[in-house]
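What follows is one structure encoded as structure tokens, with my remarks underneath.
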Amino acid sequence: MDDEVSSEIYQENNYFTRKKPTFDDKNVVSKFNFVLPQRWPGLMSVDADGDLNVLRKNSASPTESIEIEHKQSTIIDMVGLQIWRGALLLADWLIYNHDKIPTDSVILELGSGVGLTSIVASMYFPVICTDINRGNILGLIESNVSRNKNLSRHPVRVLELDFLSPDIPQEILEQLPNISVIIAADTVYDDTITEAFVRTVHRLVTSSPSPSGKRSVYIALEKRFVFTLSDCDTVAPCYEYYLKCLDKLTGVKCEEVSLAFPKSFEYDRVKELVLWKVTSV
């Protein structure tokens, strides 16, 4: 039997609730609080670590929350059924940069996992939320979207997209002219999947023009270091392979994005977290 792994976020914060899962009795339900700073202009600042400081004198914290049903642990092939730091980083980026995205855009998420980032995106834009339907993950996404319908101001369409398949769903191809921004989090953990993911990114970003003329993909991930005897050093092999895949791309610009934007969600923004941007040229 394969060993199971668990996301580190639960070593940092207690997100668990006593609410019963509605999709799978073996799942758990977690609650993630976050702040929307535009609601309180002049009541916040950012510290040296990028943390958002909100003044809360003699009042309850002005927070929103999102509830997600998910697995507490999985085998490595099913890690999309959990929540990882990259999804929270990408959600932070969306909250603080949504006003820079054309208002008539549709957001496409690749490898959406349990749907947290897509739900955040739906507060601002229509969303196409995709993943491979293993472990009935698409049904779980739809359940989580329904659970958080109070947050969504725009529709979320859930579709299957398999990086290893040569075909892009027709519905996505038809919507591409309306898609300025594509997002993905925590999709780099297996070299075969990474190569297929980057190939999919390249195909989508270089296809038909977007409303803004160029289409960008934002990829959030965490470098995972291991010590190897062959290198006699601590290395991040999955991340290094991802960079090699990016280097092979043509017709696009790849750049690392500064993380100097505030945290809205409660999690540890560790130094291993990175955000990449791939843009058509």
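The calculated 222 nm mean residue ellipticity attributable to helices in the chain amounts to -6500 deg cm²/dmol, summing -39500 (n - 2.57) over DSSP H runs of n ≥ 4 and dividing by all residues. Averaging the sequence gap over all C-alpha pairs within less than 8 Å and six or more residues apart, then dividing by the number of residues, gives segment 108-207 a relative contact order of 31 percent. Over segment 83-280, Cα pairs under 8 Å with separation of 6+ residues give a relative contact order of 24 percent. Whats the longest run of the chain with zero GluC sites (Glu not before Pro) that are DSSP loop and have at most 15 other Cβ atoms within 10 Å? In short, 9-271. Taking amide H as placed 1.01 Å from N in the peptide plane, residue 112 has its amide H under 5 Å from the amide H of 130, 131, each at least 5 places away in sequence or on another chain. Amide H contacts of residue 75 (H built 1.01 Å from N, in plane; Pro and chain starts excluded): 5 sit under 5 Å, all sequence-distant by 5 or more or on other chains.
Summing charges over all other residues whose Cβ lies under 13 Å from the Cβ of residue 219, with Lys and Arg as +1 and Asp and Glu as -1, gives -3. The loop-placed trypsin sites (Lys or Arg not before Pro) in segment 152-212, going by DSSP, that have at most 14 neighbouring Cβ atoms within 10 Å of their Cβ come out as 153. Computed on the Cα trace of segment 83-280, the radius of gyration divided by the Kirkwood hydrodynamic radius gives Rg/Rh = 0.95. For segment 78-163, taking the reciprocal of the average inverse distance between every pair of different Cα atoms yields a Kirkwood hydrodynamic radius of 12.8 Å.
None of the figures in this text is laboratory data; all of them are computed from the coordinates on show. Since the structure is predicted, the reported quantities are computational estimates derived from the model, not experimental observations. In this analysis, Cβ positions are derived from the backbone assuming ideal geometry, glycine residues included, and neighbour counts consider all displayed protein chains.
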